[in-house]
1. Out of the residues in segment D:276-305 that are touching a Ser or Thr at 6+ places or on another chain (Cβ under 8 Å) and in a loop (DSSP other than H, G, I, E, B), state the one that is nearest to the other protein chains (Cβ to nearest Cβ).
2. Among the numbered criteria (1) at pLDDT below 95; (2) over 22 Å from residue A:233 (Cα atoms), which one does residue B:258 miss?
3. Here is a check on your reading of the model: is residue A:248 crowded, with 24+ Cβ neighbours inside 10 Å, facing chain B (nearest Cβ under 7 Å) and either among the polar types (S, T, N, Q) or in a helix (DSSP H, G or I) (or both)?
4. So, of the residues in segment C:96-128 that are charged (D, E, K, R) and in contact (Cβ under 8 Å) with a residue 12 or more places away in the chain, which turns out to be farthest from the other protein chains (Cβ to nearest Cβ)?
5. Any idea which of (1) over 25 Å from residue D:5 (Cβ atoms); (2) assigned to a loop (DSSP other than H, G, I, E, B) is the one residue C:188 doesn't satisfy?
6. Does segment B:334-356 contain at least one residue that is over 24 Å from residue B:229 (Cα atoms), out of contact with any Ser or Thr (no Cβ under 7 Å at 6 or more places or on another chain) and in contact (Cβ under 8 Å) with a residue 60 or more places away in the chain?
7. What is the residue count in segment B:157-185 for residues that are over 21 Å from residue B:346 (Cβ atoms), of a type in the set (S, T, N, Q) and not in a loop (DSSP other than H, G, I, E, B)?
8. When you go through D:81, D:67, D:27 one by one, which is the residue that is in contact with a Gly (Cβ under 6 Å, 6 or more places away or on another chain), within 10 Å of chain A (Cβ to nearest Cβ) and not hydroxyl-bearing (Ser, Thr, Tyr)?
4 protein chains.
Amino acid sequence: MSENSFGRLFRVTTWGESHGPAIGCVIDGCPPRLKLSENDIQPWLDKRRPGQSKYTTQRREPDQVKILSGVFEGQTTGTPISLLIENTDQRSKDYGDIAQSYRPGHADIAYDLKYGIRDYRGGGRSSARETAMRVAAGAVARVILRELIGPQLIIRGALTAIGSQHVDRELWDWSQTHKNPFWCPDVTSVERWAQQLDAIRKEGSSIGALVEVVAENVPAGLGAPIYGKLDAEIASALMGINGVKAVEIGEGFGVVALKGQENADPIRSEGSATHPKFLSNHAGGILGGISTGQPIVSRMAVKPTSSILVPVPSINAVGQEVDVMTKGRHDPCIGIRAVPVAEAMIACILADHFLRNRAQCG
Amino acid sequence: MSENSFGRLFRVTTWGESHGPAIGCVIDGCPPRLKLSENDIQPWLDKRRPGQSKYTTQRREPDQVKILSGVFEGQTTGTPISLLIENTDQRSKDYGDIAQSYRPGHADIAYDLKYGIRDYRGGGRSSARETAMRVAAGAVARVILRELIGPQLIIRGALTAIGSQHVDRELWDWSQTHKNPFWCPDVTSVERWAQQLDAIRKEGSSIGALVEVVAENVPAGLGAPIYGKLDAEIASALMGINGVKAVEIGEGFGVVALKGQENADPIRSEGSATHPKFLSNHAGGILGGISTGQPIVSRMAVKPTSSILVPVPSINAVGQEVDVMTKGRHDPCIGIRAVPVAEAMIACILADHFLRNRAQCG
Amino acid sequence: MSENSFGRLFRVTTWGESHGPAIGCVIDGCPPRLKLSENDIQPWLDKRRPGQSKYTTQRREPDQVKILSGVFEGQTTGTPISLLIENTDQRSKDYGDIAQSYRPGHADIAYDLKYGIRDYRGGGRSSARETAMRVAAGAVARVILRELIGPQLIIRGALTAIGSQHVDRELWDWSQTHKNPFWCPDVTSVERWAQQLDAIRKEGSSIGALVEVVAENVPAGLGAPIYGKLDAEIASALMGINGVKAVEIGEGFGVVALKGQENADPIRSEGSATHPKFLSNHAGGILGGISTGQPIVSRMAVKPTSSILVPVPSINAVGQEVDVMTKGRHDPCIGIRAVPVAEAMIACILADHFLRNRAQCG
Amino acid sequence: MSENSFGRLFRVTTWGESHGPAIGCVIDGCPPRLKLSENDIQPWLDKRRPGQSKYTTQRREPDQVKILSGVFEGQTTGTPISLLIENTDQRSKDYGDIAQSYRPGHADIAYDLKYGIRDYRGGGRSSARETAMRVAAGAVARVILRELIGPQLIIRGALTAIGSQHVDRELWDWSQTHKNPFWCPDVTSVERWAQQLDAIRKEGSSIGALVEVVAENVPAGLGAPIYGKLDAEIASALMGINGVKAVEIGEGFGVVALKGQENADPIRSEGSATHPKFLSNHAGGILGGISTGQPIVSRMAVKPTSSILVPVPSINAVGQEVDVMTKGRHDPCIGIRAVPVAEAMIACILADHFLRNRAQCG
């Protein structure tokens, strides 16, 4: 349970700084004899990769992943899988200013308060670059889920709001999410969002966003009732993504206003006691910390990045008061690239809980 | 890292069912030579205890805690502290109906889907009774925080909404929370809430609620930057409380609509680089997963209890479709009793992170 | 991984001091729907219980175990199993002397050096009384092994030396171990040992012993190749028993003098690649940290207890030099009662590794 | 707590196969602001490196370690330290034979029994090559111990027997261990051992060995009394090294023959209650699982390697009976190269326990 690891039986340890020679991760606990190659991982990294549209940072990294261990003749061996991506585009000088000053809203100052030292180049360890390894690990988790549960288990995410512009949920179409640079499921929102982001980018500012991830056909029985709750671990996994400040499951904050009979999802049997049908999904697929077989619905709020060109009052490392503005290449809306990261975290959690459940319940 | 434990260095393992002979917990990792007796724990349990007003379940448990180990001559010894509360008021027959049928919205069915067996008496392990041990552990965590950090560190919670009736934040007064049965910080809401709950109770229904916990004067530097993030662990801890469906830190879901400069908390030095002053607290006291010294602000949404007298369509254990209504003594608003539980979870997390930080950073 | 827990998926947390009100443990991760009652546990505790012959301490404890949670209608529910034994015979005054002085060879001084405090009554937490809970947990582990693997898996221990009197291995007869107070498998050693122990007891001294535990019909494939090695975890489990100073697997220290071809166990197939037959067992049933299906053979050396009537130079808590002799009721040979404890630790490790292997390898 | 990690707060995760592109490790939990460069690690790797004398395998690897993360401007940052060594000399064809057959005494068959697949090239993950990363991690642990405790803490190992030729302990001279290829502390044994190993090598066989590691000036109070016992964790760490079959602490198996007063180390105060002086060290520096300030003395038995030219009966992957002899370059006595590995494991454990103790006891 070291601080740079997550998961229990499917366990991922990441390492690396934004401007070091490389970033990587070690995946431990993967079942043996699953087909795995870089081709299973690279497409998911490509989805997250920066520089693909003008709405994400222009840092260009091929982000080419290499498998260094744990795979032999195309199959997992049960030994740890080491993944590595070399850092190739590291314009350190862009970050000269933030070496001495703290970006308000950024982890800069927190690192110094805790460790008394920080690798300020590109944000060092706190850079969103670290999330590439979560996506890589998530790709391996997806292989486990596909091979051990089946292809019907689908995990997919969407961006449902940028700023105060929310999608129209009536128009939700998952196929749209791959056809625009925003993972937007509502085709009518795309143009509006593009204009909003153009304006944000021109002012040198940034904007928050709302992400939703749905996992369908998850078997019932994953999770645990008290402290290994499936929803608690999803909350931790999503809240741990850079810039996330809120997480909800199913009805989420909406439950505050509901009465018991409004929130309870009625159950029908359709002739089977072990495959109940629920008539609604306020629970978001989880009851008492355990999956019920319904879609697992989670949402998270991503703050606007704090690396902006608009000056904000701050201090420098020797305590002088300064105004900080961050040059460099930044995402006007980091929520966009958080979508595949959130999907990956859900995949990792489900793979982990599948193994945990198999251990105890067979 | 067993499923019924939480924390890493300050580690709590709970056990017990609602209608078994007792419930308890084992607290491991407590520093030695701290003064500790039942008197440090009992008052917090009394705050959570049911049967104190007509707005919480009428189950009457003295909830008298006993320390069975780890304390010698009034001081902790560094060995595990075992706490036990005997169950005395177990009217099992009240629950006869739910032995065979699943309460919609309740963990009943999830337990059976996972384990193929459940102790249905009073909800068994899924009963909110388990949270008594979280409160007990939280009381020990508070002793650690008080003795090793100082009495200025204050953790306190409030109920900020019942149903759609929110408190007026302008009228927030912490001292009020102890003067009404709702932990309501706004004296003008109390009567409204009382009337609302009377109505809810009369219809045999229940209602959701919103809880806020604030930890003040937490030292900067607690937490960790990637997967042991302070906010991620708070999210997990709060989401793991019975009935919680959403968690937020600081600005929470509000960040979606903000621009970078609106969300970034300006920093002033007041002459000290190591004790920065922030001019706002959108971050909720945490940046990059690490505490900054600002108040740590968290919120959670608690769903209406699913044990209600209003019938809801469901199934029974052999797959027949039935309507379920739950007789027995239940809280019309479980959010009320969740307040001291949420406070306790925050206390446990802070104690754990204090020890973790001391290990790595001295 | 708190300090008072062991195991990973079958996880045991023990608590309690020798002269506190009770001792107990919490067993987490037990599979559901296994038949379990106090009757499955009590016989193993009775085997370990003191006061059964003149060769073990005369402290008389009924050691009656109670199951407080995790079992419903005679079956495990998958929730934590809490076990408790009340302490009934606590003659604290016998230990008055050691309150102020340190017994040489005992943990007394180490506790004070670490914690600055210790519960000196009966040795507090360092008392061998704690091992009762290991035996109780081992009994639950045996139920898992019997139900999920089968009754052919047998774990049994023997005492193979007291002082320099070793058993004659040619005369080894497992059935003898239950017919004498020493777990001695060689009927010809019993009388010799009895005389030796009588002499030791009369001089107020104590003596070391050698314990061997064999687990037969363990499935191949349990363990892990690098850091969760089955032999490494056995080493830790046995070395962690009070008074143990050495552990070996299979040929043990004997391998030092062997050549490669002498130590390698030849393999024959008997027509099956997946059920190899080994012609010898220098490996003690484990290769590369993984069980091979051969008997798992482990041995441990137990030191003579340091609570003796013979005076030894020591110091007291204020640094004065004193001679210490320990009145009270002590085992002249703690190795005897360590036999069922060692068996129990092996059972716990095998149950844990069975679940761990099932998680990864199905 | 994944299977390829060890340590709790100073936590090491290793990965890599003998003939993959590289091997590496991730070290998590290192305190910040310690000076660290490759120069602190490389010398220890050079000590372990094969091909340095005719008594170790002739595989030639420069074993050049690279730090990929966690160090900035020459100092640790508190973030994970990733170390990598490229594999350069991989003569896979030498191992063609063992692809299909199982070396008796080797992990080959155990991997297949567990995982149903193995990377047979050079032994894959089970190769002693993995221990290079333990040595690298141990070098980082030594930096922590030196900086946070002091240079007086010394950890050093020696080979005390090859086959049945034991050193003369009366002639023990630590300075000799660096002057011969065997880590032999007794200058009079060197020539004898050389002749013995020449003979062993000529017959194509191998031989066992005995290793002793002593850690001096370890602070009192490290360890934990029940399941995180310092000696239990040393036992696990040493037993987990490739080929180790037995471990002892202090008097070790010798305690079996001792009486209580012989085994108890008398204590003198020399005027200080908190810095006791012990007149002997049967305990090997550990009482009740906690260090006492005395030298921590551990020993381990290393079996003869099973990769030998002498044919031994075995089977192949399809169940046919064959005679196996292993061509390729192997150590006639793997115990030699195990010395720096054992030292490294002790260093890692002490660093981990130092941090664990600092967390709980300040």
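The values are calculated or read from the model by the stated rules, or taken from the named source; none is laboratory data. Given the structure is predicted, the values throughout are model-derived calculations rather than measurements. Here Cβ is always computed from backbone atoms with ideal geometry, including for glycine, and neighbour counts include all displayed protein chains.
1. First, the residues of segment D:276-305 that are touching a Ser or Thr at 6+ places or on another chain (Cβ under 8 Å): D:276-278, D:283-286, D:288, D:299, D:304-305.
Filter once more, keeping what is in a loop (DSSP other than H, G, I, E, B): D:276, D:283-285, D:288, D:304-305.
Numbers: D:276: 6, D:283: 7, D:284: 7, D:285: 10, D:288: 2, D:304: 4, D:305: 6 Å.
Applying the filter and picking the extreme gives D:288.
2. (1)
3. No.
4. Step one: filter segment C:96-128 for residues charged (D, E, K, R), giving C:97, C:103, C:108, C:112, C:114, C:118-119, C:121, C:125.
Cutting the leftovers down to in contact (Cβ under 8 Å) with a residue 12 or more places away in the chain gives us C:97, C:103, C:108, C:112, C:119, C:121, C:125.
Details: C:97: 15, C:103: 8, C:108: 8, C:112: 8, C:119: 4, C:121: 8, C:125: 4 Å.
Among them, the one singled out is C:97.
5. (2)
6. The answer is yes, given that some residue of segment B:334-356 is over 24 Å from residue B:229 (Cα atoms), out of contact with any Ser or Thr (no Cβ under 7 Å at 6 or more places or on another chain) and in contact (Cβ under 8 Å) with a residue 60 or more places away in the chain.
7. Residues in segment B:157-185 being over 21 Å from residue B:346 (Cβ atoms), of a type in the set (S, T, N, Q) and not in a loop (DSSP other than H, G, I, E, B): 1 in total.
8. D:81
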